[in-house]
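Remarks on the structure that follows.
The values are calculated or read from the model by the stated rules, or taken from the named source; none is laboratory data. Quick caveat, the model's predicted, so the values are computed rather than measured. Positions of Cβ are backbone-derived with ideal geometry, glycine not excepted, and every protein chain shown enters the neighbour counts.
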Amino acid sequence: MNKQFTPLEFEKSIYQIEDKIEELKKLSSETGINLDDQVKLLTNQAFEFKKQLYSSLTPSQKLQIARHAKRPTFLDYVSLITTDWLELHGDRAGTDDRAIIGGVAQIDGKSVMLIGTQKGRTTKENIEYNFGMPQPEGYRKALRLFYHADRFNLPIITLIDTPGAYPGIKAEQTGQGTAIAVNLREMAKLETPIVSVILGEGCSGGALGLAVSNRVYMFEHSLYTVISPEGCASILWRSADMASTAAENLKITSDDLLQMEIIDGIIKEPLGGAHYDWDFAAAELKNTVLESIDEMSGMSGTELKSDRHEKFRRMGVFIE
Amino acid sequence: MNKQFTPLEFEKSIYQIEDKIEELKKLSSETGINLDDQVKLLTNQAFEFKKQLYSSLTPSQKLQIARHAKRPTFLDYVSLITTDWLELHGDRAGTDDRAIIGGVAQIDGKSVMLIGTQKGRTTKENIEYNFGMPQPEGYRKALRLFYHADRFNLPIITLIDTPGAYPGIKAEQTGQGTAIAVNLREMAKLETPIVSVILGEGCSGGALGLAVSNRVYMFEHSLYTVISPEGCASILWRSADMASTAAENLKITSDDLLQMEIIDGIIKEPLGGAHYDWDFAAAELKNTVLESIDEMSGMSGTELKSDRHEKFRRMGVFIE
Amino acid sequence: MSLRDWFENRRNKQLNADLVESKISGDDLLKLWEKCYNCNTSIPQKELEQNMHVCPKCDYHFRIGARERLEQLLDEDSFEEINSNMLPSDPLDFVDTMRYKTRQVDARKKTNLNEAVVTGIGKISDWEVAVAVMDFAYMGGSMGSVVGEKITRLIEEGIKRKIPIIAVTSSGGARMQESCLSLMQMAKTSCAVARANEQKILYITVLTEPTFGGVTASFGTLGDIIIAEQGARIGFAGRRVIEQTIRQKLPSDFQTAEYLLKYGHVDMVFHRSGLKSTLEKLIRIHAPAKQKVNT
Amino acid sequence: MSLRDWFENRRNKQLNADLVESKISGDDLLKLWEKCYNCNTSIPQKELEQNMHVCPKCDYHFRIGARERLEQLLDEDSFEEINSNMLPSDPLDFVDTMRYKTRQVDARKKTNLNEAVVTGIGKISDWEVAVAVMDFAYMGGSMGSVVGEKITRLIEEGIKRKIPIIAVTSSGGARMQESCLSLMQMAKTSCAVARANEQKILYITVLTEPTFGGVTASFGTLGDIIIAEQGARIGFAGRRVIEQTIRQKLPSDFQTAEYLLKYGHVDMVFHRSGLKSTLEKLIRIHAPAKQKVNT
Ligand SMILES: [Zn+2]
Ligand SMILES: [Zn+2]
């Protein structure tokens, strides 16, 4: 782990230990005193500490990792795991929403359709991608690409990282609710395998609108929730300050979701989070989706549809 | 025929004869002189004259009738031939284009989907209906209703009266060409009977976008053309004044189209045109579409599709 | 159990509960009159009820419960409830300013309903239909596991019986207290609608005041025909959320039924008094000739 | 006949005609250079040709004919033309400022083509494809009965052979001289695309400068994938018609390929030099593993 990032609040002690190690090394080289044993000991301790820290993060801490500015985005993963990527633009009706991007490519020679929400890093990118918040037209572009993939038997991979569908005047006018609803229904009818991965934030219908899939995975530090913790706090507690309490109560971590049997698996991240090692994260992602598609390769269109139906049919906890 | 309308140029002589008849009648009643024989003779002559006049109209004259302000519109026919009409609004994506209207209804107890272009009479109506010139969103609404009809096996009746799809900035932005093209292709896939009738003007792709049908009929004085005569004149002759010449050369009358085997039949209009007797025109329309649907009632979805394909497959004249 | 019995049972329960818990006070007498939110006219309860809970002065449509809605829509005594005993659980042991469990008990007491939707089989002018009606009074008509499951089972029942399915919505959205389980109800109900589509079963949704969030973004807007009740507010995001996001005032007709009609999202907007006859027409028009139940 | 032979034949014919009709003049010498419409640079014909008829200075894409396009897109000697002898008729005996028959003869002389589209089977990096290329020089690339029939037959051939179909468009729209028969070609070609869809045959359209009217409103925009060539103007209504209708000036980028990309109507915009490799990728990605022709 390099100190390439400003430490998050809870990472400060790690960075301090690492500073100390650096100091010792410097001291050693300057003075000629052999401090190898001390350095080794401290390095080991730091590693153990980190392992423990990152495996017991609170939901709020995970949230900070999930939203980290350097966390790889949809397009980062596309460039890391595919060849021959060709973006397919537009909803064919007046808009090319940049918050949802889709295209065809090959992964290890296997043809796929990739669709995902895209976040930016610079102000310019944030404006272009609207902070990863799609308009209805983005969902309609995705739907067009779903149908395309269905026609040509291309497995669909959706990679999701969104604070939710955009709440705005125009979004209501052009039917945010309808656009998402139609995707939920139409994804249920597709006869090609669909694999989804929550990359970072998977918030509300805005995320689900791309995730009525045969297999749904989450990255270790990602979150998947019915509403953003901030939104939940401001509605239920009438105070956005209660976001971390909301985050706790909502059970939004990958472990929680796996336990609720809403997701099929967790994709490991490098120590500290995906932003510390893009290649590692990308390799894990690639393995997961390829294995998953491979598992489904023997299934007919009808079986794939039934599989999806049954998956979501089981969800829900009630008394009768 | 009553003198309820301002006479069209070529109708003036008829109106003059009818004035003369009125004068004779008045004279007779004022003076007590019996002029019955003269009135009868003149009336017969007038009738013969009218019959001959209206059956030998030039394309430009037909154009005037087709565009007559009092000619019944789509909604007029709907109210005359259906019961339980329920308009179905909207494209589900941000627009309810009023230039194309659709809905379900029953005709003699038979359920149907009716879709048509609508023209207005008042300024307010003309603005609402955009002079019968649809935007792309109108074609998309129609497509939504086509799919609906297909799902529920409702025969589709499209009634067309349009100077063409609207040429505007927004129409290009939201894809006028694509919207029409998609309708042509998707109509070809429908497994329910489609019957179209050109009510007045059937101009260019704007008309065809609702007319890839199993049966296409034209009202006697309607026109069906690749481009409005005015548009053709200004392109080919570089002068809109040549519109009547263009109208001649384009062969746009119902007789021409029947001869070219592009349409399946001609629906009779009352003497002088549909505006002189809405009930007559509506009854003829109703008979034609009901018979047509009835003829196809034994056909399977696949047969209906093949029927449509073969119909258009045959069209075109070339040398090889 | 017939519709009437069912309501009677509920009414009696309500009555008893009321008797136990309170005595008639001045407040109760006031309840015999209701004030119109729109035009401020005071209307006798009785008259309001006879007028389908629509203000006789200004046509304002009062919010009504599942019970009133079913009475208005269905033929007398034709309703057979299904899955009436399904109850919400508290899988996450959720606590906000109050425990979720407590909210459930309160909602049940207040509404005499086991959850925010009532589902069953009934008749509309002799046409058999599968019908779901949401009740906003039960936790804002929010959709948790029970609402999702009951809607899904109703759709499955409609498919099995090959009868039209009608869903009358009124909901603030997903039930946050069930978190992602609520979110998944959107997928579950939408999958059920997908099956109805494939089986060519007519599915009509009636959106009533208010319908938002998770219901708008799932089975609510998936009707083959979508009807909105006059004046109802319908949307994905709530007004306040949008105002906070865009930092500007919204037009007054924003998200009303009429607004949605203008923007192409609903097939038709109806006055409450026209709803039943419209449904009857739609069912008749879409039905194969011999589907009508023998009377 | 191979692609090369075919071109050679045509070139020789052209050459002979030229020899008979004219002598080399100053004008002809000027023709060895071409001026860029965009940046006014004079470019030697040879260099322009080697640069795929793209201005080496400003990237302006010159309009090219069906012949050049096929040479650029297809593997050498891989093209087999089909329906090459189909000729236009004059069913309406149409006369505007000139007889339609005369226009046909003129166009043929000018372009050495029998009609505004060339269709056939060829290979793109060893993938067999059914390909149609329009030529604007033949009566503005307008679609009459012949264009419609040849496009339709090509699609049918692609379906029969189960190979990708590629249509490169360049057209002012429907051919008015054939009136409603031209209009019906829009329906006919679109019906053919419908069949390709149902048979899951990949259909790619490449929209080049200019594509308008009846072609935009039929097979041109029906590609499973739609590619636009950089700078091409594409639209339904012509610029002048729109300006006359709305009585206002249009933005300068109106109806350009880039404008269409922004408004969601094309999948991608490419420089001419990237077109062949893009097509190869698309075909490979969409092809079942073993569809590639053995070389
Ligand atoms: Zn009132
Ligand atoms: Zn240049």
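Of note:
- Qualifying residue in segment D:151-160 (condition: polar (S, T, N, Q) and in contact with a strand residue (DSSP E or B) (Cβ under 7 Å, 6 or more places away or on another chain)): no
- Residues of segment C:158-170 include at least one that is more than 27 Å from A:Ala247 (Cβ to Cβ), buried (at least 19 other Cβ atoms within 10 Å of the Cβ) and in contact with a Leu (Cβ under 6 Å, 6 or more places away or on another chain).
- Among residues of segment D:55-78 that are in contact (Cβ under 8 Å) with a residue 40 or more places away in the chain, those with a beta-carbon under 9 Å from a residue that is within 10 Å of ligand 2 (Cβ to nearest atom) and of a type in the set (Phe, Trp, Tyr) at least six positions away or on a different chain give the pairs D:Tyr60/D:Tyr37.
- Take the conditions (1) more than 26 Å from D:Ser179 (Cβ to Cβ); (2) free of Cβ contacts under 8 Å to residues at least 24 places away in the same chain; B:Asn249 misses just one of them, which is (1).
- Residue in segment D:48-68 that is closer than 23 Å to D:Ile159 by Cα, away from ligand 2 (no atom under 16 Å from the Cβ) and either of a type outside the set (A, V, I, L, M) or away from chain B (no Cβ under 14 Å) (or both) present: yes
- The set of residues from segment C:37-51 being acidic (Asp, Glu) and within 10 Å of ligand 1 (Cβ to nearest atom) is empty.
- Test: residue in segment D:73-82 that is modelled with pLDDT under 95 and surrounded by 18 or more Cβ atoms within 10 Å (Cβ to Cβ): no
- Against the list (1) farther than 22 Å from C:Glu229 by Cβ; (2) within 14 Å of ligand 1 (Cβ to nearest atom), the condition C:Thr102 fails is (2).
- Which numbered condition D:Leu92 fails, given (1) within 16 Å of ligand 2 (Cβ to nearest atom); (2) within 12 Å of chain B (Cβ to nearest Cβ): (1)
- Number of positions in segment B:284-320 that are within 8 Å of chain D (Cβ to nearest Cβ) and among the basic types (Lys, Arg): 2
For (1) charged (D, E, K, R); (2) within 14 Å of chain D (Cβ to nearest Cβ); (3) in contact with a helix residue (DSSP H, G or I) (Cβ under 8 Å, 6 or more places away or on another chain), each residue gets a yes or a no:
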position	(1), (2), (3)
A:Leu53	no, no, yes
A:Ser56	no, no, no
A:Arg67	yes, no, no
A:Pro72	no, no, yes
A:Ile81	no, no, yes
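- Scope segment C:48-64; condition at positive phi and surrounded by 20 or more Cβ atoms within 10 Å (Cβ to Cβ); matching residues: C:His53
- Residue check for C:Arg108: assigned by TED's automatic domain parsing to the domain that holds C:Ile151, in contact with a Phe, Trp or Tyr (Cβ under 9 Å, 6 or more places away or on another chain), over 26 Å from C:Ser42 (Cβ atoms) and more than 16 Å from ligand 1 (Cβ to nearest atom): yes
- Residue match in segment B:32-49 (condition: within 14 Å of B:Gly273 (Cβ to Cβ) and either assigned to a helix (DSSP H, G or I) or in contact with a helix residue (DSSP H, G or I) (Cβ under 7 Å, 6 or more places away or on another chain) (or both)): no
- Looking across segment C:60-89, just one residue is touching a Gly at 6+ places or on another chain (Cβ under 7 Å), within 16 Å of ligand 1 (Cβ to nearest atom) and aromatic (Phe, Trp, Tyr), and that is C:Tyr60.
- Considering segment B:82-125, the residues that are basic (Lys, Arg) and on the phi < 0 side of the Ramachandran plot include one that is surrounded by the most Cβ atoms within 10 Å (Cβ to Cβ), namely B:Lys119.
- Restricting segment B:182-213 to residues that are of a type in the set (Gly, Ala, Ser) and part of a helix (DSSP H, G or I), the residue that is nearest to the other protein chains (Cβ to nearest Cβ) is B:Gly205.
- If you check A:Asp241, A:Asp255 for being surrounded by fewer than 21 Cβ atoms within 10 Å (Cβ to Cβ), more than 8 Å from every other protein chain (Cβ to nearest Cβ) and under 25 Å from A:His275 (Cα atoms), only one passes: A:Asp255.
- Close contacts from segment A:105-117, counting a first residue that is among the hydroxyl-bearing types (Ser, Thr, Tyr) and a second that is assigned to a strand (DSSP E or B) and modelled with pLDDT of 95 or more, with Cβ to Cβ under 6 Å and a gap of 6+ residues or different chains, come to A:Thr117/A:Ile100; A:Thr117/A:Ile160; A:Thr117/A:Asp161; A:Thr117/A:Thr162.
- Residue, farthest from the other protein chains (Cβ to nearest Cβ), within segment C:265-283, restricted to residues that are farther than 15 Å from B:Arg98 by Cβ and charged (D, E, K, R): C:Arg272
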